[in-house]
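J.: First, the structure itself, so that you have it in front of you.
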Amino acid sequence: MKRISIIGSTGSIGRQAIEVCRRYPERFQIVALAANTGGTLFEEQIEQNRPEFAALRTERNINVPKGTRFSCGEKAFEEACSYENADIVLIAVTGFAGLKAALLALSAGKDIALANKESLVVGGHLVMPLAERKGLRILPVDSEHSAIWQCLNFDRKAPFRKILLTASGGALRDVPMEKLGQVTAKDALAHPNWRMGPKITIDCATMLNKGFEVMEAMHLYGAALSQIEVLVHRESIVHSMVEFADGAVLAQMAMPSMELPIQLALTYPERLDCGLPSVDFFKAGSLHFEKVDEKRYPCFVLALQCAEKGGTYPCILNAAGEVAVSAFLNGQIKYTQIADIIEDVLAAEIGGSAESYGALEETDRRARACARLKIG
């Protein structure tokens, strides 16, 4: 029986992780659940799963069944991230908060199933050495990084020549460039292949998320920036590929579903049925790959520049991106202004250090303030 703490249980990944655990109750026990703001869904999750501990990061009272201890506030969130009785912590929160969750879980001696991109983008130089020192596993949940992990035979240190990251191109991939300034949040959220949370869906449309995944690959697999190539693959059947020294290329393929990488991170090294239909190659007919159009995806270009510069640039990129995407979703700015805001914040004199979590937290705060000022 594997005991799991789910951080971000009410989000898309968290909900699917609960479904995975429900599919195999003899293998998994959810011992802790944590969310940001709670609500009816969180109460239902507690009622249905009866964890030992439930935590809300914001201060709020909710109804919990007998046998579940409930607490709220920052200390409660920290306890869930490092929950004593958990064997593994699934980190499914979005944004900068994932870095704190990862560092807390690893410091407490817990393996982590990592669905949060930002923890490695912003603080991979802190997370990876900590896991190494502690002898702990980081199990990738991102579909692309799970694919790479599988192609490397579950050995993140295995040698390779090149990583080929695939990208769908997002919901706006066929919208004429001159019309991108008029698209709505509803348009950008209508992803053709995946059903995800709003932030990551917008990041798919801008391909900022693919820039994040490039940085993740650099940390997870020790890849140089020059060893990573991004391909637009509309069908989302090839989830990523790895090229080896002899020229062989291995690809991991499946129908688009996050339940496969979520479940594999929890069942590794076993593969169990996750209810996913087989790929119908006759119906698919052919698979297509295209180069990234850098004019269409300026956020992707900015992310690659930050990956090359390192230091605090990835932290500033993430903070500005979170604020800009939120502003777009709230109708404050146009879609095309997301990249403009990020570029302006990156050009500002933010300063700061990347040497510790506290230093990154301060850099994140300054970058957010700068982004809000530019949004007005």
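The values are calculated or read from the model by the stated rules, or taken from the named source; none is laboratory data. Fair warning: this is a prediction, and the values are worked out from it, not measured in the lab. Note: ideal-geometry Cβ built from the backbone for every residue, glycine included; neighbour counts use all protein chains shown. For the accessible areas, the whole protein counts, side chains as well, though only heavy atoms, and no ligand, DNA or RNA atoms are used. Shrake-Rupley method; radii C 1.70, N 1.55, O 1.52, S 1.80 Å.
J.: If I filter the stretch 44-56 for residues that are closer than 29 Å to I202 by Cβ and not in a helix (DSSP H, G or I), do I get at least one hit? Before the answer, list the steps.
T.: Residues of the stretch 44-56 closer than 29 Å to I202 by Cβ: 44-45, 55-56.
Add one more test, that the residue is not in a helix (DSSP H, G or I), and what stays is 55-56.
Taking every residue of the stretch 44-56 in turn, at least one turns out to be closer than 29 Å to I202 by Cβ and not in a helix (DSSP H, G or I).
J.: Does the stretch 120-142 contain any residue that is open to solvent by 10 Å² or more (accessible area, probe 1.4 Å), of a type in the set (D, E), out of contact with any Lys or Arg (no Cβ under 8 Å at 6 or more places or on another chain) and within 14 Å of L220 (Cβ to Cβ)? Steps first, answer last, please.
T.: First, the residues of the stretch 120-142 that are open to solvent by 10 Å² or more (accessible area, probe 1.4 Å): 125-126, 128-130, 132-137, 142.
Filter once more, so that each one left must be of a type in the set (D, E): 132, 142.
In the following step, the residues that additionally are out of contact with any Lys or Arg (no Cβ under 8 Å at 6 or more places or on another chain) were identified as 132.
Imposing the further condition that a residue be within 14 Å of L220 (Cβ to Cβ) reduces the set to 132.
Looking through the stretch 120-142, at least one residue is open to solvent by 10 Å² or more (accessible area, probe 1.4 Å), of a type in the set (D, E), out of contact with any Lys or Arg (no Cβ under 8 Å at 6 or more places or on another chain) and within 14 Å of L220 (Cβ to Cβ).
J.: Could you tell me whether any residue of the stretch 320-327 is within 30 Å of A86 (Cβ to Cβ) and without any contact (Cβ under 8 Å) to a residue 40 or more places away in the chain?
T.: no
J.: Could you tell me which numbered condition A254 fails, if it satisfies all but one of (1) of a type outside the set (S, T, N, Q); (2) out of contact with any helix residue (DSSP H, G or I) (no Cβ under 6 Å at 6 or more places or on another chain); (3) closer than 23 Å to L164 by Cβ; (4) surrounded by 12 or more Cβ atoms within 10 Å (Cβ to Cβ)?
T.: Of (1) of a type outside the set (S, T, N, Q); (2) out of contact with any helix residue (DSSP H, G or I) (no Cβ under 6 Å at 6 or more places or on another chain); (3) closer than 23 Å to L164 by Cβ; (4) surrounded by 12 or more Cβ atoms within 10 Å (Cβ to Cβ), only one is false for A254: (2).
J.: Of all the residues that make up the stretch 158-171, how many are in contact with a helix residue (DSSP H, G or I) (Cβ under 8 Å, 6 or more places away or on another chain), of a type in the set (A, V, I, L, M, F, W, C), buried (at least 21 other Cβ atoms within 10 Å of the Cβ) and at pLDDT 95 or above?
T.: 3
J.: Just wondering, is there one or more residues in the stretch 96-105 that are part of a helix (DSSP H, G or I) and over 22 Å from I200 (Cβ atoms)?
T.: Taking the stretch 96-105 and keeping what is part of a helix (DSSP H, G or I), we get 97-105.
From the residues that got through so far, the ones that are over 22 Å from I200 (Cβ atoms) too are 104.
Among the residues of the stretch 96-105, at least one is part of a helix (DSSP H, G or I) and over 22 Å from I200 (Cβ atoms), which makes the answer yes.
J.: Separate question: Which of the following residues is touching a Cys at 6+ places or on another chain (Cβ under 9 Å), surrounded by 15 or more Cβ atoms within 10 Å (Cβ to Cβ), over 15 Å from C306 (Cα atoms) and in contact (Cβ under 8 Å) with a residue 40 or more places away in the chain: I338, I342? Reasoning before the result, please.
T.: Numbers: I342 fails: over 15 Å from C306 (Cα atoms).
Just one listed residue meets the conditions, I338.
J.: Could you say which residue among I62, I91 is modelled with pLDDT of 95 or more, in contact with a Gly (Cβ under 6 Å, 6 or more places away or on another chain) and β-branched (V, I, T)?
T.: I91
J.: Right, S5: in a loop (DSSP other than H, G, I, E, B), among the polar types (S, T, N, Q), at pLDDT 95 or above and in contact with a helix residue (DSSP H, G or I) (Cβ under 7 Å, 6 or more places away or on another chain) or not?
T.: Numbers: in a loop (DSSP other than H, G, I, E, B): no; among the polar types (S, T, N, Q): yes; at pLDDT 95 or above: yes; in contact with a helix residue (DSSP H, G or I) (Cβ under 7 Å, 6 or more places away or on another chain): yes.
For S5, the condition - in a loop (DSSP other than H, G, I, E, B), among the polar types (S, T, N, Q), at pLDDT 95 or above and in contact with a helix residue (DSSP H, G or I) (Cβ under 7 Å, 6 or more places away or on another chain) - is not met.
J.: Mind listing whichever residues of the stretch 186-208 are over 15 Å from S326 (Cα atoms), within 15 Å of the chain's Cα centre (by Cα) and open to solvent by less than 40 Å² (accessible area, probe 1.4 Å)?
T.: Hits for the stretch 186-208 are W194, M207.
J.: Taking the conditions exactly as written (touching a helix residue (DSSP H, G or I) at 6+ places or on another chain (Cβ under 7 Å), open to solvent by 60 Å² or more (accessible area, probe 1.4 Å) and of a type in the set (S, T, Y)), does Y297 satisfy them or not?
T.: Spelling it out, it is not the case that Y297 is touching a helix residue (DSSP H, G or I) at 6+ places or on another chain (Cβ under 7 Å), open to solvent by 60 Å² or more (accessible area, probe 1.4 Å) and of a type in the set (S, T, Y).
J.: Shifting gears a bit: I want to confirm something. Restricting to the stretch 1-48 and keeping residues that are more than 22 Å from L272 (Cβ to Cβ) and open to solvent by 70 Å² or more (accessible area, probe 1.4 Å), which single residue is nearest to the chain's Cα centre (by Cα)? Quick ask: steps written out before the conclusion?
T.: To start, the set of residues in the stretch 1-48 that are more than 22 Å from L272 (Cβ to Cβ) comprises 7-8, 10-11, 32-47.
Subset that is open to solvent by 70 Å² or more (accessible area, probe 1.4 Å): 36-37, 40, 44, 47.
Working: N36: 16, T37: 19, T40: 25, E44: 25, E47: 27 Å.
Here the answer is N36.
J.: Can you confirm whether the stretch 66-78 contains a residue that is touching a Phe, Trp or Tyr at 6+ places or on another chain (Cβ under 7 Å) and part of a strand (DSSP E or B)?
T.: Yes, there is a match, as at least one residue in the stretch 66-78 is touching a Phe, Trp or Tyr at 6+ places or on another chain (Cβ under 7 Å) and part of a strand (DSSP E or B).
J.: I would also like to ask the following. Picking from L276, L317, L329, L304, which residue would you name as being among the hydrophobic types (A, V, I, L, M, F, W, C), under 22 Å from the mean Cα position of the chain (by Cα) and open to solvent by less than 40 Å² (accessible area, probe 1.4 Å)? Give the steps one after another, and end with the answer.
T.: On the way: L276 fails: open to solvent by less than 40 Å² (accessible area, probe 1.4 Å); L329 fails: open to solvent by less than 40 Å² (accessible area, probe 1.4 Å); L304 fails: open to solvent by less than 40 Å² (accessible area, probe 1.4 Å).
Of the residues listed, the single one that is among the hydrophobic types (A, V, I, L, M, F, W, C), under 22 Å from the mean Cα position of the chain (by Cα) and open to solvent by less than 40 Å² (accessible area, probe 1.4 Å) is L317.
J.: When only residues in the stretch 201-215 that are among the charged types (D, E, K, R) and in contact with a strand residue (DSSP E or B) (Cβ under 8 Å, 6 or more places away or on another chain) count, which is nearest to A190 (Cα to Cα)?
T.: Pass one, the stretch 201-215, residues among the charged types (D, E, K, R): 203, 210, 213.
Next, only the ones that are in contact with a strand residue (DSSP E or B) (Cβ under 8 Å, 6 or more places away or on another chain) stay: 210, 213.
Values: K210: 18, E213: 21 Å.
Only one residue tops the list, namely K210.
J.: The conditions are (1) out of contact with any strand residue (DSSP E or B) (no Cβ under 7 Å at 6 or more places or on another chain); (2) part of a helix (DSSP H, G or I); (3) at pLDDT 95 or above, and A265 fails exactly one of them. Which is it?
T.: Of everything listed in (1) out of contact with any strand residue (DSSP E or B) (no Cβ under 7 Å at 6 or more places or on another chain); (2) part of a helix (DSSP H, G or I); (3) at pLDDT 95 or above, A265 misses just condition (1).
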